[in-house]
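Student: Submitted below is the structure of interest, expressed as structure tokens.
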Amino acid sequence: MLNKNKRDMQDISTRVWNNYYKSQQPGDSSGNEYPCEGLVRFISNLRKNRNKFDYFNDAGIEAKIRSNFKGKALEIGFGNLTNLRMVKKKGFNCSGLEVSENSVKRSKQFIKNKKIKNIRTKLWKPSKIPYKNDTFDLVYGMQCIYYNLDFEFFLEEVNRVLKKNGNFIFSFFSDRHDYTTKYSEVVDRKKNLIRWSGKHPNKRIRYAILYQPKSKSHLRSLFKKFRKVKISTYEHDDIPVFQSWWYISGIK
Ligand SMILES: C[S@@+](CC[C@H](N)C(=O)[O-])C[C@H]1O[C@@H](n2cnc3c(N)ncnc32)[C@H](O)[C@@H]1O
């Protein structure tokens, strides 16, 4: 659990993000219009075999393996509802947690206005996950879960709420991302805490504090309790900052 110092730091990040959503154009659906590409690829490939020959061996079942999912999914740090709507469309019964009051308010408005079923959202104070053991078939969090500063406790919580054989996917900044190489400063080296510096190009997220794994192998070691863990790197330079992500997935 968080000590006082870490709790204060956690609150700083929560405040930064709540102010971020408050600064957005009013309405129930501002923010990203489309789901996170890494998540789209992951869900689309969920029923594909990892063996390279079997991967392409889906003649006659192409549509079937990409939809008709059953079970419960949890998105942590959903931001707005684009990811959850995509996951719901695949067939999952969805829940979402957010630390930002403003974002939760917008999501509830959107769900009500569009009469959406099978998506529930909740305000969340990290890091205890407010669900019973073995609840979810899928737990994911894109571009966000490193804001849980007591990261090892957070992962225990993910493990607890996932069902056996349940899937997870999370993303992290790699050690090549411009954000980490150019616009971060160390807060506590031993605890792997950094923050976005006063030069961060996205002014609205400056000084948010996050947990940054030292390396890809450090990231892997954090997930040692899980099975079939895979880390893939996704990089692109089509926007003014170089993006480099580690996507980590696996099962309980
Ligand atoms: C870059 S946005 C990503 C939003 C969404 N996951 C997506 O893929 O579009 C970062 C999100 O992290 C959320 N966040 C802040 N603190 C968090 C925490 N401790 N755990 C999970 N998410 C957190 C923010 O409120 C914000 O919605």
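The values are calculated or read from the model by the stated rules, or taken from the named source; none is laboratory data. All values reported here derive from a predicted model rather than from experimental measurement. Backbone-built Cβ (ideal geometry, glycine too); neighbour counts: all protein chains shown.
Student: Between residues in the stretch 178-198 that are farther than 18 Å from ARG15 by Cβ and residues that are among the β-branched types (Val, Ile, Thr), which pairs lie under 7 Å by C-beta distance while being six or more apart or on different chains?
Tutor: ASP178/VAL241; TYR179/VAL241; SER184/ILE194; GLU185/ILE194; VAL186/ILE194
Student: Can you tell me which residue within the stretch 28-65, out of those that are within 16 Å of the ligand (Cβ to nearest atom) and farther than 19 Å from SER171 by Cβ, is farthest from the chain's Cα centre (by Cα)?
Tutor: Only one residue fits best here, namely ASP28.
Student: OK, next. Does the stretch 196-214 include one or more residues that are touching a Pro at 6+ places or on another chain (Cβ under 9 Å) and either within 24 Å of VAL87 (Cβ to Cβ) or buried (at least 19 other Cβ atoms within 10 Å of the Cβ) (or both)? Talk me through it step by step, then tell me what you get.
Tutor: Let us first name the residues in the stretch 196-214 that are touching a Pro at 6+ places or on another chain (Cβ under 9 Å), namely 201.
Keeping just the survivors that are either within 24 Å of VAL87 (Cβ to Cβ) or buried (at least 19 other Cβ atoms within 10 Å of the Cβ) (or both) gives none.
No.
Student: Here are some conditions: (1) in a loop (DSSP other than H, G, I, E, B); (2) more than 11 Å from the ligand (Cβ to nearest atom); (3) modelled with pLDDT under 90; (4) closer than 28 Å to LEU155 by Cα. ASN5 meets all but one. Which one does it not meet?
Tutor: Exception for ASN5: condition (1).
Student: Please state which of the following conditions ASN159 fails to meet, knowing it meets all the rest: (1) closer than 29 Å to ASN45 by Cα; (2) away from the ligand (no atom under 15 Å from the Cβ); (3) in a loop (DSSP other than H, G, I, E, B).
Tutor: Unmet condition: (3).
Student: Still on this structure, please answer the following. Can you give me the ranges of the strands (runs of 3 or more DSSP E) entirely in the stretch 83-156 with at least 1 residues that are under 30 Å from TYR207 (Cβ atoms), more than 15 Å from the chain's Cα centre (by Cα) and more than 9 Å from the ligand (Cβ to nearest atom)?
Tutor: Numbers: elements: 93-98, 119-123, 136-141.
Passing ranges, in order: 119-123.
Student: Within the stretch 66-82, count every residue that is of a type in the set (S, T, N, Q) and within 11 Å of the ligand (Cβ to nearest atom). Before the answer, list the steps.
Tutor: Pass one, the stretch 66-82, residues of a type in the set (S, T, N, Q): 67-68, 80, 82.
Next, from what is left, pick out any that are within 11 Å of the ligand (Cβ to nearest atom): 80, 82.
Going through the stretch 66-82 one residue at a time, the tally reaches 2.
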